[in-house]
Amino acid sequence: MRSLLIGLTLIVMAIAVPRTAAQKVELSLDASKPGAKIDRNLFGQFAEHLGHGIYDGIWVGSDSTIPNTRGIRNDVVAALKAIHVPNIRWPGGCFADGYHWRDGIGPQRGVRLNPDWGGVIEPNTVGTHEFMDFIEQIGSEAYVSVNLGSGSPQEAADWLEYMTAAQATTLEKERAANGHPAPYKVARLGLGNESWDCGGNMTAEYYLDRMKSFSHFVRNYNPAQMEKDQMLKIAVGPGGGEQRWTDWTETVMKAYQQHTWSWDINGLSLHSYTVVKWPPAFKSVGFGEDEYAQILKTTLDMDDLIKKHSAIMDKYDPQKKVALVVDEWGSWYAPLPGSNPGFLVQQNSMRDAVLAALNLNIFTRHADRVRGANIAQMINVLQAMILTDHEKMALTPTYYVYKMYVPFQDSTVVPVAFDAGSYKHGDFTLPRVDAMAAKSKDGKLWVEITNVDPHQAAEVELAVTGINAKSASGETLTAPQVDSVNTFEVPNTVVPKPISAKAQGGKLLLQLEPKSVTVVSIEP
Ligand code: AHR
């Protein structure tokens, strides 16, 4: 009876996950031909005062029964440490252009409303010191977005002096009195957010005038950031590929070409969500192959978008001094039923893992210009790394992609050649596989291969020149279904598993599951 049941179960599984014969993929790479550096900041995160992104997600308060260090959740800190978060963009988002930093320091916090996100009370319990403590606990760096929308250059200049001054100014003494005598490091400074929309609905020309003045007056005084580690100033850039956005890039970059000593920028931001159309209507869980194929097809538009804006930047900045910083990207689906629609709560599935890998690979292919990216958003909001519910925590499939990609931080691109083939579903045709390779800081060779096809395994024949490749080992991430998720109750449905291969006839043979993301190191 038992074996009959097992037999029946296997038949049902075979129907639920139709599989066809493995597809051969030839992949070759030359380890002796290193390309651009993959800036670790491509793996940045974004944490906005939105829904449970900050409160509950990071902050529980020191009197909470949830284990914490000075109010910050220990479980979340440990999980984020493991993915080596290079920088966190904070406090927004749209929130940043209504944020007044003085509400978030000292013993008396300004209690405000959060009109952008659900109209809820913003207690400002998490302000500058708490955010910086969090950054320090996880070993990351601060990317602070200043209020260019409703604030003034003076307000932002004071905030930077408060955070970074080492000399005994009034603001430096105030910071010390509030518990932090040493200056904070601010690695990146956002000069507004989406100033063409929620950041003040400005024209490019008006934004430019304001931005120049913020760029001049908002100074970083941290002595450790004077010569090296200088703070990078990132201007608001486009939010899409249409003409209004290419015009915006033209206007800012043309001005940059003629900039004088008194203002400068080091980056131009780009925001692009995978949404198909607004308002977001795709489900984040409980979907099928139609939605899998359409979302992944749409996400690949990121490549053209980067090419389009990079071409304009090349015209005015051929030396690529200004980085393109994709500081908001990721999937944006319909809010989970029953959640506050202003909190942007969604589940995170195997589809999101594939989506993350495809985008990260696109960024690395443009690594000479794209030197920063921040997925939206780190915890409990949009394409999150982590989901929390009071004391419970779940790591998402996207989290595991970031974990597997850690060796690519500050690595050097190694060109990889392959015939991607195609995966077709209905009206959608996508490359069947995607791949990327790089040499990590310690000289090791790493390869990433994504098998987009949800039915066919990929039989990869990897030919390596430049080193004598004997074996490969690493991790692979796949799941029973395209919409498989990790929940608080069942947190390990989508987790990486070990994978390895030995060289045969001078090639490494890797058998990759359908809908999978794989990262291996090549051993000589
Ligand atoms: O990430 C959510 C919101 O999306 C951000 O606040 C805003 O910048 C963008 O429109």
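Things worth noting here:
- Selection within segment 50-66 - open to solvent by less than 30 Å² (accessible area, probe 1.4 Å) and touching a Phe, Trp or Tyr at 6+ places or on another chain (Cβ under 8 Å): 50, 51, 58
- Considering only residues in segment 92-130 that are within 16 Å of the ligand (Cβ to nearest atom) and in a helix (DSSP H, G or I), the one that is most open to solvent (accessible area, probe 1.4 Å) turns out to be 98.
- Yes/no for residue 251 being hydroxyl-bearing (Ser, Thr, Tyr) and open to solvent by 50 Å² or more (accessible area, probe 1.4 Å): no
- Within segment 211-319, helices (runs of 4 or more DSSP H) holding 2 or more residues that are at pLDDT 95 or above and within 15 Å of residue 329 (Cβ to Cβ): 289-299, 301-316
- Within segment 235-246, residues that are closer than 19 Å to residue 372 by Cα and within 14 Å of the ligand (Cβ to nearest atom) reach partners that are open to solvent by 10 Å² or more (accessible area, probe 1.4 Å) and among the acidic types (Asp, Glu) with beta carbons closer than 8 Å, at six or more positions or on different chains, in the pairs 236/194; 239/194; 239/197.
- Number of the condition not met by residue 231 [criteria: (1) hydrophobic (A, V, I, L, M, F, W, C); (2) open to solvent by less than 30 Å² (accessible area, probe 1.4 Å); (3) within 16 Å of the ligand (Cβ to nearest atom)]: (3)
- Sole residue being crowded, with 19+ Cβ neighbours inside 10 Å and part of a strand (DSSP E or B), chosen from 160, 148, 189: 189
- Of all residues in segment 192-209, those that are touching a residue at least 12 places away in the same chain (Cβ under 8 Å), more than 14 Å from the ligand (Cβ to nearest atom) and open to solvent by 50 Å² or more (accessible area, probe 1.4 Å) total 1.
- Positions within segment 380-423 being under 20 Å from residue 31 (Cα atoms) and open to solvent by less than 10 Å² (accessible area, probe 1.4 Å), in sequence order: 405, 408, 411, 414
- Elements of the type strands (runs of 3 or more DSSP E) sitting completely within segment 350-396 and holding at least 1 residues that are farther than 23 Å from residue 78 by Cα, within 16 Å of the ligand (Cβ to nearest atom) and not aromatic (Phe, Trp, Tyr): these cover 370-376.
- Unique match (being part of a strand (DSSP E or B), within 23 Å of residue 62 (Cα to Cα) and away from the ligand (no atom under 16 Å from the Cβ)) among 176, 142: 142
The values are calculated or read from the model by the stated rules, or taken from the named source; none is laboratory data. Source: prediction; values computed, not measured. With ideal geometry, Cβ positions are generated from the backbone for all residues, glycine too; neighbour counts draw on all protein chains shown. For accessibility, only protein heavy atoms count, side chains too; no ligands or nucleic acids. Shrake-Rupley method; radii C 1.70, N 1.55, O 1.52, S 1.80 Å.
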